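A quick write-up on the structure given underneath.
Values quoted throughout were computed directly from the atomic coordinates according to the rules given, and no laboratory measurement underlies them. Values in this document were obtained by computation on a predicted structure and should not be read as measured data. Methodologically, a virtual Cβ is constructed for each residue, glycine included, from the backbone with ideal geometry; neighbour enumeration extends over all protein chains shown.
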Amino acid sequence: MLEEIGQWLTGITCAALVAALAERLTPPGPVRRVGRFTTGLVLLLAMLSPLLPLRGETLSRALSQYRLELDGYRQELAGESREAMKSIIEEQCAAYIQDKAETLGTECSVEVDAEESGGWPVPRRVTVSGPLTEEQQAELTALIEAELAVPAEEQSYQIQEEP
């Protein structure tokens, strides 16, 4: 690789020397302008020479491979993003329910399971563990159903005795 770069720089240097010599040897006027244009093209070709061996199909194949890899990364990132969002929603909903249980006068632990619906994770099942009275359980059930749209059938309670 380093050898190829050295050859490329040598080619540009030689082209520049030939261009300078040609400009000195041409007479002033229109001939010199044509000579400058021609030597400019030669310098441009010398600078772009590493790209000349690339054929259209080689370049097309490389771009296709790049697009496939990019799509793979994009899908992987989208999956990780959905999982992170699901986790955040589960944690936030559990914290919300625990807060509401505290306002009802009890402490409990809450587990929320979310599932994807319409491209977004939404809470589907709730499990509440703690020393809840029947009244507190009924109020919490109604609140979870109204606020988080989790039906009563998808809510479970594990009643524990207070220590």
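Things to note:
- Only helices enter this figure: runs of n ≥ 4 DSSP H residues, each worth -39500 (n - 2.57), summed and divided by the residues of the chain, yield -23000 deg cm²/dmol at 222 nm to the nearest 500.
- Values of log10 I(q)/I(0), in the order q = 0.11, 0.17, 0.19, 0.27 Å⁻¹, for the range 2-76 under a Debye, Cα-only, solvent-free model: -0.50, -0.76, -0.84, -1.10
- When each full DSSP H helix of the chain is screened for a Cα extent of at least 18 Å along its own axis and an average Kyte-Doolittle hydropathy of at least 0.5, the helices passing are 2-25, 30-48.
- Among Ser87, Ser49, Ser109, residue whose mean-square fluctuation peaks in a GNM of the chain (springs only between Cα atoms under 10 Å): Ser49
- Computed over the chain, the quotient of the alpha carbon radius of gyration and 2.2 N^0.38 Å is 2.37.
- Between Glu107 and Ala138, the simple spin-label model (points 7 angstrom out along Cα→Cβ) gives 2.7 nm.
- Residue among Leu41, Tyr66, Thr26 farthest towards the positive dipole end of the range 2-76, charges placed on Cβ: Thr26
- Under the combined filter of DSSP loop state and at most 11 neighbouring Cβ atoms within 10 Å, the range 1-84 retains these trypsin sites (Lys or Arg not before Pro): Arg55.
- DSSP bridge pairs, the range 85-159: antiparallel proportion in percent, nearest 5: 65 percent
- Per-peptide average of other Cβ atoms within 10 Å, ordering 10-19, 131-140 highest first: 131-140, 10-19
- Distribution of pairwise C-alpha distances over the range 85-159, 5 Å bins, in %: 3, 18, 31, 26, 13, 5, 2, 0
- FRET E, pair Ala62, Val122, Förster distance 35 Å, beta-carbon r, rounded to 0.05: 0.25
- The DSSP beta bridges internal to the chain are antiparallel in roughly 65% of cases.
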